[in-house]
Amino acid sequence: MSRPGSSLLIFLFLVTSIQQVYAQKVTVEEAREQYFAMDKSGAVALKLYKSLENADLSKNPVMLAYRGAASAAAAGSADGVRKKLEFFNRGKGELDKAAGMKPLDAEIRFLRLATQINAPGFLGYTSDIKSDKALIINTLSSVPANHPNAYLYQRICSFMLTHANLEATEKTTVNQLHVKFKSK
């Protein structure tokens, strides 16, 4: 191989490596914080999506779900119907893929639930609301109050109490879980 050809390959390798390191610098804790800040500003959803856009998340279903939720939420700030649908459908696909990769993960199912609840009705993205609510409630009921993610579970409960249209028994249980996780 000629000298210029090998230099080009090394350069391309370095650029790709730098992009991968930059793309994956967002931690799950940072993604959580940005996700819960999305209701304050639509720009946060796009920022979170962009920070994860080029990351290889094929082996990280939780982060894939955050990217999917951010993409779907970023649709609200996109220009034009076509772009809005692209963002939403990409997000929906990633959320469903993440749920398929780790179907019993309450955090992933919460992200999908919240996206479905917040999606405009005409998009028809509602088929998993009931099963996602049930899995989240059942899972959080078996988690100890001193779990390292108790703060996250308390936030999930807060969201569900205000947005998830819970039945009476679900509401009672989620209220109890909210208190359980808030105490720690």
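Values for this structure:
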{"read-out": "Residue that is surrounded by the fewest Cβ atoms within 10 Å (Cβ to Cβ), among those in the range 157-167 that are hydrophobic (A, V, I, L, M, F, W, C) and over 14 Å from ASP39 (Cα atoms)", "value": "LEU161"}
{"read-out": "Residues that are β-branched (Val, Ile, Thr) and either part of a loop (DSSP other than H, G, I, E, B) or surrounded by fewer than 17 Cβ atoms within 10 Å (Cβ to Cβ) (or both), drawn from the range 174-184", "value": "VAL179"}
{"read-out": "Flag if LEU140 is within 14 Å of the chain's Cα centre (by Cα), surrounded by 18 or more Cβ atoms within 10 Å (Cβ to Cβ), part of a helix (DSSP H, G or I) and not assigned by TED's automatic domain parsing to the domain that holds VAL62", "value": "no"}
{"read-out": "Close pairs (8 angstrom Cβ cut-off, 6 or more residues apart or separate chains): within 14 Å of LEU52 (Cβ to Cβ) in the range 90-103, modelled with pLDDT of 95 or more and β-branched (Val, Ile, Thr) anywhere", "value": "GLY91/THR115; LEU95/ILE108; LEU95/THR115; ALA98/VAL62; ALA98/ILE108"}
{"read-out": "Candidates LEU95, LEU113, LEU135 - the one that is surrounded by 17 or more Cβ atoms within 10 Å (Cβ to Cβ), more than 20 Å from LYS180 (Cβ to Cβ) and among the hydrophobic types (A, V, I, L, M, F, W, C)", "value": "LEU95"}
{"read-out": "Residue match in the range 105-115 (condition: over 18 Å from ALA31 (Cα atoms) and either assigned by TED's automatic domain parsing to the domain that holds LEU52 or modelled with pLDDT of 95 or more (or both))", "value": "no"}
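The values are calculated or read from the model by the stated rules, or taken from the named source; none is laboratory data. From a predicted model like this one, the values you see are computed outputs, not experimental measurements. Here the Cβ is made from the backbone with ideal geometry for all residues, glycine too, and neighbour counts use every protein chain on show.
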